[in-house]
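The values are calculated or read from the model by the stated rules, or taken from the named source; none is laboratory data. Everything numeric in this text was worked out from a predicted model, so none of it was measured. Heads up, the Cβs are rebuilt from the backbone with ideal geometry, glycines too, and the neighbour counts pull from every protein chain shown. Each accessible area value is taken on the protein alone, full model and side chains, heavy atoms only, with ligands, DNA and RNA left out. Shrake-Rupley method; radii C 1.70, N 1.55, O 1.52, S 1.80 Å.
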Amino acid sequence: QQPVQSPQAVILREGEDAVINCSSSKALYSVHWYRQKHGEAPVFLMILLKGGEQKGHDKISASFNEKKQQSSLYLTASQLSYSGTYFCGTDFGNEKLTFGTGTRLTIIP
Amino acid sequence: ETGVTQTPRHLVMGMTNKKSLKCEQHLGHNAMYWYKQSAKKPLELMFVYSLEERVENNSVPSRFSPECPNSSHLFLHLHTLQPEDSALYLCASSQGFGGSGANVLTFGAGSRLTVL
């Protein structure tokens with residue numbers, strides 16, 4: 001069962017904040033977040049493990065709500081370099097990542 | 001060369017052709033993957049190799065044939081493809097497969113395949 005990401009697309013002005021959600025209908029073991037810029041490889045951002053704490057990297061952070069089987073990615077004070085498509089990958093404990101359809105983020109000056 | 005390298009970056013082939021995609025990783029990882037990325041669809045896992053042994057074949061049609069001669073190289077052999085097989089094919093690697101669940105993927109930039 002693939003995770004559901006929302007929103008599908010979002011346009012922000014530089015400096016604004018964004019939240020991207022990833023929801024699963026099955027119990028999650030871990031959630032991975034990746035970003036893919038046009039024509040480039042997806043790049044790993046962070047992983048959240050079941051029972052783990054909220055992670056953060058610079059102005060990008062994420063949380064994992066085990067009760068809701070949902071992860072959220074928070075982008076604070078967005079920069080032009082944040083533009084791209086964000087994917088969540090969910091692991092149900094079998095080591096295989098199932099990816100969502102992605103959220104396209106566009107940052108405008 | 002660093003990371004994961006895929007060649008060719010672009011490939012156009014007819015339905016009767018035979019071609020191959022190549023992936024090479026320079027990270028010392030033990031697991032390698034093929035994913036298919038189509039427009040408006042999530043990344044689809046096709047194959048997983050761990051220590052050169054295929055551990056996952058995700059109901060992929062036989063016109064796609066993977067080969068992993070060693071832990072650094074992965075091939076995807078293509079023959080008698082259909083137009084709906086046109087997509088971006090991504091190779092990835094991870095430190096391992098199975099165990100702690102922290103199989104962080106390092107992706108290549110992909111091979112854009114067009115089937116005429």
Would a scan of the stretch B:16-35 turn up a residue that is in contact with a helix residue (DSSP H, G or I) (Cβ under 9 Å, 6 or more places away or on another chain) and either under 23 Å from A:VAL4 (Cβ atoms) or surrounded by 13 or more Cβ atoms within 10 Å (Cβ to Cβ) (or both)?
no
What number of residues within the stretch B:39-55 are farther than 23 Å from A:ASN94 by Cβ and either under 15 Å from the mean Cα position of the chain (by Cα) or among the small types (Gly, Ala, Ser) (or both)?
1
For the stretch B:74-84, which residues satisfy the criterion of being surrounded by fewer than 15 Cβ atoms within 10 Å (Cβ to Cβ) and either in a strand (DSSP E or B) or in contact with a helix residue (DSSP H, G or I) (Cβ under 9 Å, 6 or more places away or on another chain) (or both)?
B:HIS77
Working only within the stretch A:54-65, note down all residues that are touching a residue at least 12 places away in the same chain (Cβ under 8 Å) and not in a strand (DSSP E or B).
A:LYS59
Residue list for the stretch B:40-73, restricted to those being assigned to a strand (DSSP E or B), open to solvent by less than 60 Å² (accessible area, probe 1.4 Å) and away from chain A (no Cβ under 14 Å):
B:PHE64, B:SER65, B:PRO66, B:CYS68, B:ASN70, B:HIS73
Residue that is surrounded by the most Cβ atoms within 10 Å (Cβ to Cβ), among those in the stretch A:97-109 that are part of a strand (DSSP E or B) and polar (S, T, N, Q):
A:THR103
So which residues in the stretch B:1-53 are within 21 Å of B:CYS68 (Cα to Cα) and of a type in the set (Gly, Ala, Ser), if there are any at all?
B:GLY3, B:SER20, B:GLY28, B:ALA31, B:SER50
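One line per residue, one yes/no per condition, for (1) at pLDDT 95 or above; (2) of a type outside the set (D, E, K, R); (3) under 15 Å from the mean Cα position of the chain (by Cα):
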{"residue": "A:ALA27", "(1), (2), (3)": "no, yes, no"}
{"residue": "A:HIS38", "(1), (2), (3)": "no, yes, no"}
{"residue": "A:MET46", "(1), (2), (3)": "no, yes, yes"}
{"residue": "A:LYS55", "(1), (2), (3)": "no, no, yes"}
{"residue": "A:ALA62", "(1), (2), (3)": "no, yes, yes"}
{"residue": "A:LYS68", "(1), (2), (3)": "no, no, no"}
{"residue": "A:SER83", "(1), (2), (3)": "yes, yes, yes"}
{"residue": "A:ARG104", "(1), (2), (3)": "yes, no, yes"}
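Per-residue answers, yes or no, for (1) in a strand (DSSP E or B); (2) open to solvent by less than 60 Å² (accessible area, probe 1.4 Å); (3) touching a strand residue (DSSP E or B) at 6+ places or on another chain (Cβ under 9 Å):
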site: A:ASN21; (1), (2), (3): yes, yes, yes
site: A:LYS26; (1), (2), (3): no, no, yes
site: A:PHE44; (1), (2), (3): yes, no, yes
site: A:LYS67; (1), (2), (3): no, no, no
site: A:SER78; (1), (2), (3): no, yes, yes
site: A:PHE87; (1), (2), (3): yes, yes, yes
site: A:GLU95; (1), (2), (3): no, yes, yes
Being closer than 21 Å to A:LEU75 by Cβ and polar (S, T, N, Q) is the filter; apply it to the stretch A:88-109 and report the residue that is nearest to the other protein chains (Cβ to nearest Cβ).
A:THR101
Quick check on my filter: what residues within the stretch B:1-15 are within 14 Å of chain A (Cβ to nearest Cβ) and either open to solvent by less than 60 Å² (accessible area, probe 1.4 Å) or closer than 23 Å to A:TYR86 by Cα (or both)?
B:GLY3, B:VAL4, B:THR5, B:GLN6, B:ARG9
From the set of residues in the stretch B:24-39 that are within 20 Å of B:VAL115 (Cα to Cα) and modelled with pLDDT of 90 or more, which is farthest from the other protein chains (Cβ to nearest Cβ)?
B:TRP34
